[in-house]
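Handing you this structure, nothing more for now.
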There are 2 protein chains.
Amino acid sequence: MHRTHTCGELRISHTGQQVTLSGWVQRSRDKGSMLWIDLRDRYGITQLFFAESDTHPQLMELARSAGREYVLKATGQVIERVSKNPQIPTGDIEIKVEKLEVLNASQTPPFTIEDQSDGGDDLRMQWRYLDLRRNPLRNNLMLRHRIGIETRKYLDSLGFLEVETPYLIKSTPEGARDFVVPSRMNPGQFYALPQSPQTFKQILMVAGYDRYYQIVRCFRDEDLRADRQPEFTQIDCEMAFVEQEDILNTFEGMVRHLFKTVKGIELDTVPRMTYDEAMRRFGCDKPDLRFGMEFQDLTAAMQGKGFGVFDQAQVVLGIVVPGCAGYTRKQLDELTEWVKRPQIGAKGLVYALCQPDGSFKSSVDKFYSPDQWKAIAGQATAAPGDLMLILSGDDLSTRRQLSELRLLMGSRLGLRAPENFKPLWVVDFPLVEWNEEAQRWFAMHHPFTAPKPEHFSYLGTDPGLARANAYDFVLNGVEIGGGSIRIHDRTIQSQMFALLGFTPEEAKKQFGFLLNAFEYGAPPHGGIAFGFDRLCALFGGQESIRDFIAFPKNNSGRDMMIDAPSTLDQHQLTELNIALTNPS
Amino acid sequence: MHRTHTCGELRISHTGQQVTLSGWVQRSRDKGSMLWIDLRDRYGITQLFFAESDTHPQLMELARSAGREYVLKATGQVIERVSKNPQIPTGDIEIKVEKLEVLNASQTPPFTIEDQSDGGDDLRMQWRYLDLRRNPLRNNLMLRHRIGIETRKYLDSLGFLEVETPYLIKSTPEGARDFVVPSRMNPGQFYALPQSPQTFKQILMVAGYDRYYQIVRCFRDEDLRADRQPEFTQIDCEMAFVEQEDILNTFEGMVRHLFKTVKGIELDTVPRMTYDEAMRRFGCDKPDLRFGMEFQDLTAAMQGKGFGVFDQAQVVLGIVVPGCAGYTRKQLDELTEWVKRPQIGAKGLVYALCQPDGSFKSSVDKFYSPDQWKAIAGQATAAPGDLMLILSGDDLSTRRQLSELRLLMGSRLGLRAPENFKPLWVVDFPLVEWNEEAQRWFAMHHPFTAPKPEHFSYLGTDPGLARANAYDFVLNGVEIGGGSIRIHDRTIQSQMFALLGFTPEEAKKQFGFLLNAFEYGAPPHGGIAFGFDRLCALFGGQESIRDFIAFPKNNSGRDMMIDAPSTLDQHQLTELNIALTNPS
C-alpha cells in the first residue's frame, strides 16, 4: 500500500506519528525557504510542509517541481499546524515531509479541479476523468452509491430477491425505439436491449419468485434532451399476491427509508391524489407540491362578458401569484412572450393586478367592471397585492400551458427550494389514451396494466373512461416512480392487445411467451419502477441527471471521452451479415 | 394482500388462528369425503384440508377442480395435523379451509414441478417460468441473491464505491469478439457492448475514486459451450495506491466473508502458487487442490532405455493413481481411448500397475526391467496397489493432457466432492504469450497489465520471460477471479501496445483516452474481477452456470422462452442505415 492513512484521516491526536500519504497536488504555496502542498484524495485534503533547512537538500526541489495534479507519495511526521484551518477536518495538522516520491507527473489540466470549474460542458465531457475529480461530482457518485446500498438493504429486509434479467432480448414495436444487436450466430436476426425488464419481472411472478427487484440498466433509442440518456438505470420491482395498497405502502416505505438513512430526513405520510384531481388542480400529472398557486376555474365567471377569446374557449383558468401586483408592464409583457413561445404555445396571457387599495388593473379592463373583477378575485381567493394570470383555450392545452406558467412563477418566487421535499402518489391513471395521429388507443402506462375491475366494461364501449390501478410516485414535480397492477389473465391481456391494435398474430409473435405463461398459473401481481438517476439527482438537490452518471452521453448520444460510437472494420460487418446503407 | 401468511410460515403455535394463504397446487389427495391440497409458494408448502361434511357444499367441488399449478387463495383455521410430516417446517399443522378462491387456473405443465424434473433441457429452457418454480433453481437464485448482497456488504464496509459504467461503449479489436449496436443518430457508426468495464475502472482510478466495484454484465460474442454465455456477470473491482499484496488480502477477505456468511464455512488462509509451479506440479494454471496425484517428471528415469516414443519426447510425465492397481485391461484400454480423443489429443497412454506383491505390470514391459520399474515407482512415490499413468510428448501438450487425465481420475475416485472447498491464488503469470498462428505476442491477461518492475528489460529482449503482477483466484480447479497490477505510465503502456502489434495510430484510435488520462496524474492501481455466475455455481456445488442464471441462452445464443434473437421490420433497418447481406 502506498499510504498508511488517507488524506482525510489525520487529526491532532496523530501528532508525532510517522505516516505516508498518497494523493494529488491540489495547490502549492512557495515562500522560498518554506513550501506547502495541499495533497488531495477521495477522502480529503492534508497539508504537506517542506522546509529548506532540512537534511534532505533535494526534497525542496522535488516538491517545487510538482505541479497541479501530480501524484505524490509523501512520508513524514504529523505535526500541529501553526495557523490552523477550521474549514477542513484535517486542518489542525500538517505533515513535515521527510521523503517524497513523484508517483506520476501531470500535464496542466485544461480546466481547474475546483468546486466551481472554469471548464465548459464539452471540455468537461471530453476530460471526464478530470471533471470526476471535482468535489461536486464525487459527492454525487458517492450519494448514488449510498442510495443503491440502502435501496438493496431495505428490499432485502422485506424478502425481495435481486434477479438479473437478460440484456440481449427481443425487439418489440410497442413503446419507444429499441437499440438492437445483430446476432452473428443467427444471421439476419437481432437482439434488442431492454427498455425495461417488464415482461421478465412478470414472468418471475408467474415463476413464483413472489418479490423481485433489480437495479438495472434500461435502453431507449429516442432523441435526447438534457434530462434523457440513451441508457439509464431503474430500481425495478414486482410483487405477487398484492393489491395496489400493498405496493404503495411497500415503496412509500422504501422512499422513507432512503430519506431517513441517506438524508437524515423523517418524511411525513405521502399524500395521494387521483390523476383527475391532479389535472384539475395543477394541470399536470406530476404536480410540484412545494407551493400552492392551484388552478382556479374561471370559465363560468369570465365567459359571457363580451370578451370573445374567453367566450370561444373551452375553459378559462387562472392562477394567483402571491404578492406580485407590483409587476411592471415590461415584466408582464415578458411573461406574455414566455407563454407564447412554441414550447408553451399559448395564444396570449390575461393578467389582473390586485392593487393594494382593492382596485384592479388588467389587460382586459374594458370587458370586466371593477365589481366583476372583485367577484372573480373573490372566487379565485386573490388578495390585494396578488397577481392573477389567466389562460384560455381547449381544456388539455390550457392546463398544460398554465402548469408550465405555474412552475415558472414558483421558481421566480423561490418557492421550489431543492431541499424542501414534497412527495406525492398520483393514482387512478387512465388505462389508455387516444392518439390522433395514429388513430388508435395507446397504453398510458404499458400494455400489461390492468383496468380497474369495475371498469372492465368500458373496454368494449368507451376505453377512454377506463381507469387503471396505476400509480406514479412524484417528488417535487418530478415523476420518479411509476407502476401498476398487471393483467394476469390471458383473455383480458388478449383483449388489451386487441384494443391497442395488435392482431392476434402480432400479439402472439411479440408476447406469445407471456400469454402462454398466463395459462400456467399466473398469480395476481403488480410492481413499480423508480428512475434511479433522477432519484439520485433529486436527493442531490438537482434536476439534471447528467452529473449523477459517471460517464454520460451528450445530446447526440456520443461518449465524448472514449469517442463512441465509432466505425467498425469491414470484417466485423461481414461476420454480422450486415452492410451500411448510408456509409459516413 | 391476498394472504395473511406465506406457505412456509405457520407452526403449531398458530393453531386456532384464522389465516389466508395463496399459492400453487403442488399436489392433491382425494379420499372421497376428505381432500388435501399441498399449497406451494416461494417460502414453503402448507397442507390445505377439505372435509365433505362442511357447511359449504360447493367448497369440496371447487377444491377437487383445482389441478396441478392452479393458483388458489384459501382461508380457514390452522389446526394440528393428525399425521404430522417431520420433513417440512409446516408439517405439524394444516388449514381447515372455509373459503376458497381460484385466482387462476393452469393447464397441465409439460413437465413435473419436482426436484427431479422429467423435462429435457430444451423443454425446460422453453418453459423457463415453470422450470424456475422447481426448488433446485429457486434455491440457486436465492443463493445468488445472497452472495450479491454479502459481496456488496463486504466491499461497502471497506469503502468501495459501486459506480455504474456505460453499456454502450466502443468496439476494440483486441480480445474476444464484440457485440455491436448500430447508432441511429450517428449513421454508419456502432456502439459495442463491454466485454468488461476494464478501461472505465482504470479511468475511475485516474479520477481519484480510490476503490471501485460493480456487479456488472459483460458481453462476448464467442462460440458457446456448456459453461459460457453471451452475457455473464462479473464482480469487477479496482483499487488505487496498492500493490499486489493489498489486492490479494482484500479479496481473499471477500471470499472468506462470503464463505462465512453464505455457507457458514471458515476458510483457511488461501495458499499461493506461482504459475510456473502450478504448471510443473499440475500441468495447469488452475489446479484442483482437492486431491493430489501431482505430476512426476520421469523424463530422465525413463529415457535412454530403448523405448523410442519416450526417447523422442521432450518430456515424460506421470501421475500415481492410488489404489487402482486392480484396473482391468478393459479399463486401461478405455483410459487409453479417452486420452486419444481429439479433445485431449494424446498419442497413447503408458500404464504400470504396481502389484500388491511389489511386482509391476506395464504396457511397456519389454523396455523396462523390474528393477528399473522399482526405481521409477520409487521416484514417483508409487506404492504397491497404485496405478501409474504416463504420457509423453512436447512439454506444453503433455502437461495439458495429463492434467485432464488427472482430473478424470480424481472424479472417478470421488476425490472432487463439491462441498470440499480448496481455494488457491496462482500468481506471477507470464505477461505475454506467443501465438504461432498470428505470429505475434498476445497479452496473457490483458494489454493493461504491468510487467514486474524487475522484468521491464525483457520487453525489448525476450518478452516471453517477463512475468506480471497478475493473479488468479482458483477454487476447486475453476478460475473464478483474475486480475493484475496495471500499467499507469503512458510510456510503458505505449511500449506494451507496440509489443502486441498495435501501430501508434491504432493504439491512439482505440485507447487514446486512456493514454491521455495517464498524462494527467494516474495513480498506481490494480484490480480483479470475479466471475459471478461461476462463483454462485461453485457455492451451489455445481460446475454448470446455466441453472444459476434466471434466463440463460442456449448454445446457439438463443433465448428459447422469448424466442430471441428475431427478425426486425424493414423500417427499423432503414432507420439504422443498415441492410442484411445474408437475409434468412
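The values are calculated or read from the model by the stated rules, or taken from the named source; none is laboratory data. Just so it is clear, the model here is predicted, and its values are computed rather than measured. Neighbour counts run over all protein chains shown; Cβ positions are idealised from the backbone, glycine included. Please note that ligands, DNA and RNA were not included when accessible areas were found on the heavy atoms of the full protein model with its side chains. Shrake-Rupley method; radii C 1.70, N 1.55, O 1.52, S 1.80 Å.
Quantify how strongly other chains surround peptide B:514-527 by giving the mean number of their Cβ atoms within 10 Å of each of its Cβ atoms. Write down the numbers at each step before the final one.
Numbers: counts 3, 0, 5, 5, 2, 5, 17, 19, 6, 10, 6, 1, 0, 0.
Mean inter-chain Cβ contacts per residue within 10 Å come to 6.
Sticking with this one: Apply the Karplus curve 6.51 cos²θ - 1.76 cosθ + 1.60, θ = phi - 60°, to the phi angles in region B:149-155 and return the couplings in whole Hz, x for Gly and Pro.
Taking θ as phi minus 60°, the curve returns 4, 6, 4, 5, 4, 5, 5 Hz for region B:149-155.
Note down the relative contact order for region A:89-245 as a percent, whole number, built from C-alpha pairs under 8 angstrom at least six residues apart. Kindly include the intermediate steps, with their values, before the conclusion.
On the way: 170 pairs, mean separation 23.7, N = 157.
Relative contact order of region A:89-245: 15 percent.
Which value, in debye to the nearest 20, gives the size of the charge dipole of region A:291-416 about its Cα centre, when Lys and Arg are +1 and Asp and Glu are -1 at the Cβ?
Numbers: 14 positive and 13 negative charges, 60 e Å.
Once rounded to the nearest 20, the dipole reads 280 debye.
Amide H neighbours of residue B:393 under 5 Å, at least 5 residues apart or on other chains, H built in the peptide plane: list them.
HN-HN under 5 Å from residue B:393: B:314, B:315.
Hey, if we sort A:115, B:118 by accessible area with the 1.4 Å probe, largest down, what's the order? Walk me through the numbers on the way to the answer.
Working: A:115 85, B:118 105 Å².
Descending accessible area places them as B:118, A:115.
Just to confirm my numbers, what's the Cα centroid distance between region B:98-162 and region B:264-296 in Å?
The two parts, judged by their Cα centres, are 34 Å apart.
Let me ask something else. With every protein chain in place, what's the accessible area of residue B:263 (1.4 Å probe, Å², nearest 10)?
Using a 1.4 Å probe on the heavy atoms, I get roughly 60 Å².
Given R₀ = 56 Å, what would the calculated FRET efficiency be for residue B:440 paired with residue A:542, taking r from the Cβ atoms and rounding to 0.05? Please list the in-between numbers first.
Values: r = 49 Å, r/R0 = 0.88.
That pair, residue B:440 with residue A:542, gives E of 0.70.
Right, another one. For helix B:504-517, what angle does its Cα long axis make with the longest principal axis of chain B, in degrees from 0 to 90 and rounded to 10?
It is inclined by approximately 60 degrees.
Order B:142, A:60 by their accessible area, 1.4 angstrom probe, all chains in place, largest first.
Numbers: B:142 65, A:60 10 Å².
Listed by decreasing accessible area, they come as B:142, A:60.
From the phi angles alone, apply the Karplus equation (6.51, -1.76, 1.60; θ = phi - 60°) to region B:274-288 and give each ³J(HN,Hα) in whole Hz, x where the residue is Gly or Pro.
Running phi through 6.51 cos²θ - 1.76 cosθ + 1.60 with θ = phi - 60° gives 6, 3, 4, 5, 4, 5, 5, 8, 10, x, 6, 8, 9, x, 8 Hz.
Give me the percent of the accessible area of chain A that comes from carbon and sulfur atoms, probe 1.4 Å, all protein chains in place.
Looking at chain A in its full context, I get 49 percent from C and S.
Would you work out which of B:149, A:463, A:432 lies farthest towards the positive end of the dipole of the protein assembly as shown, given +1 charges on the beta-carbon of Lys and Arg and -1 on that of Asp and Glu, about the Cα centre?
Among B:149, A:463, A:432, the one farthest towards the positive end of the dipole of the protein assembly as shown is B:149.
³J(HN,Hα) across region A:480-496 via Karplus (A = 6.51, B = -1.76, C = 1.60, θ = phi - 60°), whole Hz, x for Gly/Pro?
10, x, x, x, 6, 7, 9, 6, 10, 10, 4, 5, 5, 5, 5, 4, 5
Considering only protein heavy atoms, what is the solvent-accessible area of residue B:257 at a probe of 1.4 Å, reported in Å² to the nearest 10?
50
Now a separate question. Let me spell out the model: positive unit charges on the Cβ of Lys and Arg, negative unit charges on the Cβ of Asp and Glu, origin at the Cα centre of chain B. What dipole size does that give, in debye rounded to 20? Please list the in-between numbers first.
Working: 66 positive and 76 negative charges, 214 e Å.
That gives a dipole near 1020 debye.
Using a 1.4 angstrom probe on the protein heavy atoms only, line up B:124, A:64 by accessible area, largest first. Write out the running numbers ahead of the final one.
Numbers: B:124 35, A:64 105 Å².
From most exposed to least exposed: A:64, B:124.
Tell me what the protein assembly as shown gives for mean residue ellipticity at 222 nm when only DSSP H runs of n ≥ 4 count, each as -39,500 (n - 2.57), the sum divided by the residue total, rounded to 500 deg cm²/dmol.
Details: 34 runs with 329 residues, N = 1168.
Taken over the protein assembly as shown, the calculation gives -8000 deg cm²/dmol.
Also, quick follow-up: Please list the radius of gyration and Dmax for the protein assembly as shown, considering alpha-carbon atoms only, with Å as the unit.
Over the protein assembly as shown's Cα set, Rg and Dmax evaluate to 35.2, 128 Å.
Using 1/(1 + (r/R0)^6) with R0 = 30 angstrom and r between the beta carbons of residue A:334 and residue A:369, what's the FRET efficiency to the nearest 0.05?
Values: r = 28 Å, r/R0 = 0.94.
The computed FRET efficiency comes out at 0.60.
Once amide H atoms are placed 1.01 Å from N in the peptide plane, what residues at a sequence separation of 5 or more from residue B:362, or on another chain, have their amide H within under 5 Å of its amide H?
Those qualifying (amide H under 5 Å, at least 5 residues apart or on another chain) are B:353.
What FRET efficiency do you get for residue A:111 and residue B:17 if R0 is 45 Å and r is their Cβ-Cβ distance, rounded to the nearest 0.05? Spell out each step's value before the answer.
Working: r = 67 Å, r/R0 = 1.49.
Rounded to the nearest 0.05, the efficiency is 0.10.
What's the angle, to the nearest 10 degrees (0 to 90), between helix A:370-380's Cα axis and the longest principal axis of chain A?
The helix A:370-380 is inclined about 70 degrees to chain A.
Using only atoms on other chains, find how many Cβ atoms lie within 10 Å of each Cβ of peptide A:213-219 and report the average. Write down the numbers at each step before the final one.
Numbers: counts 1, 0, 3, 1, 6, 0, 3.
Mean partner-chain Cβ count within 10 Å for A:213-219: 2.
What's the average, rounded to a whole number, of partner chain beta-carbon atoms within 10 Å of each residue's beta-carbon in A:200-207?
On the way: counts 6, 0, 1, 7, 5, 1, 6, 12.
The shielding value for this peptide is 5.
Compute the relative contact order of chain B as a whole-number percentage, counting only Cα pairs closer than 8 Å that sit 6 or more residues apart in sequence. Spell out each step's value before the answer.
Details: 1079 pairs, mean separation 74.2, N = 584.
Computed over chain B, the figure is 13 percent.
Under a Cβ-Cβ cut-off of 13 Å, what is the net charge of the residues other than residue B:128 that fall near it, where Lys and Arg count +1 and Asp and Glu count -1?
Values: positive: B:124, B:133, B:134, B:138, B:546, B:553, B:558; negative: B:121, B:122, B:131, B:547, B:559, B:563.
Residues near residue B:128 contribute +1 overall.
Follow-up. Antiparallel as a % of all DSSP beta bridges within the protein assembly as shown, to the nearest 5?
Values: 189 of 204 bridges.
Percent antiparallel among DSSP bridges in the protein assembly as shown is about 95.
Let me ask something else. Using alpha carbons only, how many degrees (0 to 90, rounded to 10) separate the axis of helix A:329-340 from the longest principal axis of chain A?
80
For the pair B and A, how large is the buried accessible area, both sides, in square angstrom to the nearest 100, if the probe is 1.4 Å?
Values: alone 28850 and 28880 Å², together 46140 Å².
So the buried area, both faces added, is about 11600 Å².
What accessible area per residue comes out for the protein assembly as shown, rounded to a whole number of Å², with a 1.4 Å probe?
Working: 46140 Å² over 1168 residues.
With all protein chains present, the protein assembly as shown gives 40 Å² per residue.
Using a 1.4 Å probe on the protein heavy atoms only, what accessible surface does residue B:560 show? Give it in Å² to the nearest 10.
Using a 1.4 Å probe on the heavy atoms, I get roughly 50 Å².
Evaluate the charge dipole of the protein assembly as shown about its Cα centre and quote only its size in Debye, nearest 20, assuming +1 on the Cβ of each Lys and Arg and -1 on the Cβ of each Asp and Glu. It would help to have the intermediate numbers written out before the result.
Values: 132 positive and 152 negative charges, 166 e Å.
Charge dipole, the protein assembly as shown, about its Cα centre: 800 debye, nearest 20.
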